[in-house]
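The structure appears right after this line, and notes come after that.
The values are calculated or read from the model by the stated rules, or taken from the named source; none is laboratory data. Every value quoted in this text rests on a predicted model; they were computed, and no experiment measured them. Quick reminder, even Gly has a Cβ in these numbers, built from the backbone with ideal geometry, and neighbours come from all protein chains shown. Ligands, DNA and RNA are stripped out before the accessible areas are found, and what is left, the full protein with its side chains, is counted by its heavy atoms. Shrake-Rupley method; radii C 1.70, N 1.55, O 1.52, S 1.80 Å.
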Amino acid sequence: MADPGTSRSSFCLFPTAIGSCAIAWSDRGVTSVWLPEQTEPQTRAGVVRRFPHSIESAPPPFISHAIDGIVALLQGEAGDLTDIPLDFDDAVPEFHRRVYDVTRTIKPGTTLSYGEIAERVGEPDAARAVGQALGRNPIPIIVPCHRVLAARGGTGGFSAPGGTATKLQLLAIEGARLL
């Protein structure tokens, strides 16, 4: 995908159990997901800030499928979103992509630590780098960064609106047990 500031992409907002989320896409896949801000206009403004040339439009079938999966997960239904195609910005480093690929394999209701992700991407000393990659994750829920915890069950950070309170809310919806 080209630079998000100049490429044409589409987006839409959609209601969920936790508020109005947004999703942006290209012809190749999902480019971003936004968790709810305090208001729907604030969520929309976040999309427009990231993709100023985007067009709000009705989702094509593959995006409707993604939305249905996100809505179901946020209602507490176990689901698998690994079949949803993603389209990462060319600026996303290869290490981040590997972290996102491993993170997508974490099932609802389960968690891994930053260190475990680091081991699975073949860089066991890179737990901090894993945290930094997940802090820049443009596609939360589909790349379920909320399922990654600090060592010994600590919550770690969460860059979405609401911070760690949102992370804990998502984990509770999924029925995850924290150590």
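For the reader, a short list of remarks on this structure follows.
- Segment 1-80: equivalent-ellipsoid semi-axes (sqrt of 5 x gyration tensor eigenvalues, Cα, Å): 21, 15, 9
- Residues of the chain: accessible area per residue with a 1.4 Å probe, Å²: 48 Å²
- Cα centre as origin, Lys/Arg/Asp/Glu Cβ charges: segment 1-116 dipole, Debye: 160 debye
- Pairwise FRET efficiency - Arg152 versus Ala78, Cβ, R0 = 25 Å, nearest 0.05: 0.45
- Per-pair calculated FRET efficiency, R0 = 35 Å: Ala91 and Ala17 via Cβ, rounded to 0.05: 0.60
- Annotation: amide H-H contacts under 5 Å for Ser10 (H modelled 1.01 Å from N, sequence separation of 5 or more, or interchain): Trp25, Ile55.
- Peptides 111-121, 71-81 ordered by average Cβ neighbours within 10 Å, highest first: 111-121, 71-81
- Order by protection proxy (mean Cβ within 10 Å, highest first), peptides 40-53, 123-136: 123-136, 40-53
- Percent of Cα-Cα distances greater than 22 Å, calculated over segment 50-179: 36 percent
- Computed over protein heavy atoms with a 1.4 angstrom probe, the accessible surface ordering of Thr82, Thr155, largest first, is Thr82, Thr155.
- Within the accessible area of segment 1-113 (1.4 Å probe), percent carbon and sulfur: 53 percent
- Under a 5 Å amide H cut-off, with hydrogens placed 1.01 Å from N, Leu86 pairs with Val30 among residues at least 5 apart or on other chains.
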